[in-house]
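Notes to accompany the following structure.
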Amino acid sequence: MTYSFTGKNKTWLTAGMVIGLLCMVLTWFGDDDLHTRFWSNFLHNSVFFTGIALMAGFFMTASITAWAGWYVVFKRVWESISLFLVVGIPLMLIIGIGVYLHWNHLYHWSDQSILDPNDPEKFDPILYGKSSFLNTTWYIGGTLVLGLIWIFLLNKIRSLSLAEDAEGSEGFKKHYGVRKYAAIFLPFAGFGSAAMVWQWIMSVDAHWYSTLFAWYCGASWFVSMICLTILLLMYLKSKGYYQNVTTEHLHDLGKFLFAFSIFWTYLWFSQYMLIWYANVGEETIYFKERVTNYPALFYMNLIINFVAPFFILMRNDTKRKFGSLGFTAGLVLFGHWLDFFLMLKPGILHTAHAVAGHGAHSDGADHSHGTHAADGAAHGAESAAHGGGEMAAHASTFEMGFSMPGFLELGTFIGFLCLFIFFVLHMLSKAPLVGANDPYLEESIHHHT
Amino acid sequence: MAQTKDIIYGLWNDEEDLLKAVQVAKDDHLEIMDVYTPFPIHGLDPILGLSESRLHIAGFVYGALGTLTAFLGMSWIFTKDWPIIFGGKPHWSVPAFIPIVFELTVLFASIGMVVTFYVINGLGPGVVNPTIDLRITDDKFCIAFDKADVDVSKVESFLKNTGASEIHSKTI
């Protein structure tokens, strides 16, 4: 059976995309001179959905390599999600080109004036030390090269899977091809995603780094991907497709949602506790900033993404009921969108203030001392000075779109979500929903937990 | 000496045949004493009408108990009983407690569940359980009936009709 992408669906999804576009335009015109809010929203949503696509490809290829069979009946959903990279990578490239041409100032390292050792007034030794990796060549080149490799391999897997439909599984020839490309994809996705997480996300806090960050961020993408898979399958089932995707499959996806929510929390907490325990200024600044200026988001992040799925999905039957599983999937998807918001916005706001000359006093201190410890301390001072400076004007450090997501952020999210779903449904409609002739199909249809 | 039972049982070679036989027995209202299999069989529990185990509820309670023990215990030790400063941290350093809280949760839940399981099933040191047939731990699938509960001739014909490879009687 092939999914038919009806005109009604297209209209709704296009309307959602128009809302998103409208919100982005409104953000652009109500923005500061650097269009920080516009570009940070663009980055936030692009990175979120690009990562979800990558994780779908990663999990699919990991399952293929592990000879897993249970998911095969809905493998087309993951194939379709993973190919969203075709849209996501160009979006990331637009941001990269924006960094190169200084359309935006999302990343502190892209400011060339701080990299000149002959200018002690502005010189930043930490960013200078990192400049061999944190630069536009790596940013654009990494996105382009890794993106092309990912898309090429996932496209190969997709076309072999479609060829298997047409030509049958004679000698498992096509399946062996899929296995080969899946195994090649895995290291590129595993190591490559870490490198791109450092570039795309972690480097908004350019002075700070954490070796755990790529895992933490990847887990966040992974959980979001499982949530979207659950919601898409529920939608398709409600429309009469995928009748052979049973409660058993959803139960297993629910287990993955439960387990990887805990895995995410484990990584989140490991990162937090090590930094808290070591108490090194240059590291604690990351959490100090978030606990002090974003307390609601900081704790809500843990409640939505850990406490809620942990207690709701702990029981057997809540993973098997559409209501509780669908609710949790929707909640956690939004929760991880907030998680990415919290990863990106504080660092971007800092950079914007530094570039726009806010907190210039402490910035000077930062650059003239330049030792690691002084940097951490100076950043703390910068946020304090910033808070003090703004006191007179606004009486608080609150900034809409940064301290918390406003309507424009939510609208932009809806726009990107509709773009994502439009693409996935379009890809689904181009091929039969169930890949016939897959050697694991029978196992998947009779899947029983 | 515990009460003895006169039982009659059949052995099957395949789990699919066993599942069909159990269904027939249920339809014929034959009271099955127990079914023995070398490994868990999917779909057997619903046919037998077994209710879901409540062991995991006990597990949750034990786990919560472990959480509280670790958290309240450490809070008391490090703030009241023997306060020590570690690495310049406050006495009541919650993040540092979390790993131990996690470990004790797991420990309490696992040991509590094992002990509960053994007590409920009457297992313990020195307990000898009658084994109906040693091969049910290897490759045979068994349905056993208590002769006191069923019409023996009816059971015999049921065992023959549903393809049992062997039929035996035994006192356990």
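The values are calculated or read from the model by the stated rules, or taken from the named source; none is laboratory data. Fair warning: this is a prediction, and the values are worked out from it, not measured in the lab. When we count neighbours, we look across all protein chains shown, and the Cβ atoms used for this are built from the backbone with ideal geometry, even at glycine.
Taking the stretch A:250-261 as the range and being free of Cβ contacts under 8 Å to residues at least 40 places away in the same chain and within 14 Å of chain B (Cβ to nearest Cβ) as the test, no residue passes. Taking the criterion of being in a helix (DSSP H, G or I) and over 20 Å from A:Gly347 (Cα atoms), the only residue of the stretch A:108-137 that qualifies is A:Thr137. Given the residues A:Leu127, A:Leu93, A:Leu101, A:Leu85, which is the only one that is among the hydrophobic types (A, V, I, L, M, F, W, C) and within 30 Å of A:Glu443 (Cβ to Cβ)? None of the other options fit; the residue is A:Leu85. Applying the condition of being more than 27 Å from B:Ile85 (Cβ to Cβ), of a type outside the set (S, T, N, Q) and more than 12 Å from every other protein chain (Cβ to nearest Cβ) to the stretch A:262-301 and asking which residue is surrounded by the most Cβ atoms within 10 Å (Cβ to Cβ) yields A:Trp264.
Scanning the stretch B:156-165 for residues that are surrounded by fewer than 20 Cβ atoms within 10 Å (Cβ to Cβ) and either in a loop (DSSP other than H, G, I, E, B) or out of contact with any helix residue (DSSP H, G or I) (no Cβ under 9 Å at 6 or more places or on another chain) (or both) returns B:Glu156, B:Ser157, B:Lys160, B:Thr162, B:Gly163, B:Ser165. Going by the conditions given, is B:Val24 under 25 Å from A:His446 (Cα atoms) and in a strand (DSSP E or B)? Criteria not met by B:Val24.
Look at (1) exposed (fewer than 15 other Cβ atoms within 10 Å of the Cβ); (2) hydroxyl-bearing (Ser, Thr, Tyr); (3) modelled with pLDDT under 90 and you find that A:Ser362 fails only one, number (1). In the condition set (1) surrounded by fewer than 20 Cβ atoms within 10 Å (Cβ to Cβ); (2) out of contact with any Lys or Arg (no Cβ under 7 Å at 6 or more places or on another chain); (3) not hydroxyl-bearing (Ser, Thr, Tyr), A:Lys174 is compliant with all but (1).
Against the list (1) farther than 16 Å from A:Leu344 by Cβ; (2) among the acidic types (Asp, Glu); (3) away from every other protein chain (no Cβ under 14 Å), the condition A:Asp205 fails is (1). Which of the residues belonging to the stretch B:55-66 are surrounded by 17 or more Cβ atoms within 10 Å (Cβ to Cβ), within 25 Å of B:Ala96 (Cα to Cα) and more than 12 Å from chain A (Cβ to nearest Cβ)? B:Tyr62, B:Gly66, listed by residue number.
Could you pull out the residue among A:Val178, A:Val145 that is touching a residue at least 60 places away in the same chain (Cβ under 8 Å) and either over 23 Å from A:Pro346 (Cα atoms) or more than 19 Å from the chain's Cα centre (by Cα) (or both)? Outline the logic, then answer.
Working: A:Val145 fails: touching a residue at least 60 places away in the same chain (Cβ under 8 Å).
After applying the criteria, what remains is A:Val178.
When the stretch B:45-54 is filtered for residues that are within 14 Å of another protein chain (Cβ to nearest Cβ) and surrounded by fewer than 15 Cβ atoms within 10 Å (Cβ to Cβ), the ones remaining, listed by number, are B:Asp45, B:Pro46, B:Ser51, B:Glu52, B:Ser53, B:Arg54.
Within the stretch A:105-122, is even one residue within 30 Å of A:Asp165 (Cβ to Cβ) and either in contact with a Gly (Cβ under 7 Å, 6 or more places away or on another chain) or surrounded by 14 or more Cβ atoms within 10 Å (Cβ to Cβ) (or both)? Give the derivation first.
In the first step, residues of the stretch A:105-122 are kept if they are within 30 Å of A:Asp165 (Cβ to Cβ); the result is none.
The answer is no; no qualifying residue exists.
Restricting attention to the stretch B:70-114, which residues are over 27 Å from the mean Cα position of the chain (by Cα), in contact (Cβ under 8 Å) with a residue 24 or more places away in the chain and more than 14 Å from every other protein chain (Cβ to nearest Cβ)? Please lay out each step first, then the result.
Taking the stretch B:70-114 as the starting set, the residues that turn out to be over 27 Å from the mean Cα position of the chain (by Cα) are B:70-101.
From what's left, in contact (Cβ under 8 Å) with a residue 24 or more places away in the chain: B:70-71, B:74, B:97, B:100-101.
Residues satisfying the conditions are B:Ala70, B:Phe71, B:Met74.
Answer yes if at least one residue in the stretch B:17-35 is surrounded by 14 or more Cβ atoms within 10 Å (Cβ to Cβ), within 14 Å of chain A (Cβ to nearest Cβ), under 21 Å from the mean Cα position of the chain (by Cα) and farther than 24 Å from B:Asn129 by Cβ, and no otherwise. Yes - at least one qualifying residue is present in the stretch B:17-35. The helices (runs of 4 or more DSSP H) located wholly in the stretch A:290-351 that include 3 or more residues which are out of contact with any Leu (no Cβ under 8 Å at 6 or more places or on another chain) and more than 30 Å from A:Gln199 (Cβ to Cβ) occupy A:308-312. Only a single criterion out of (1) touching a residue at least 12 places away in the same chain (Cβ under 8 Å); (2) not assigned by TED's automatic domain parsing to the domain that holds B:Glu15 is not satisfied by B:Gly43, namely (2).
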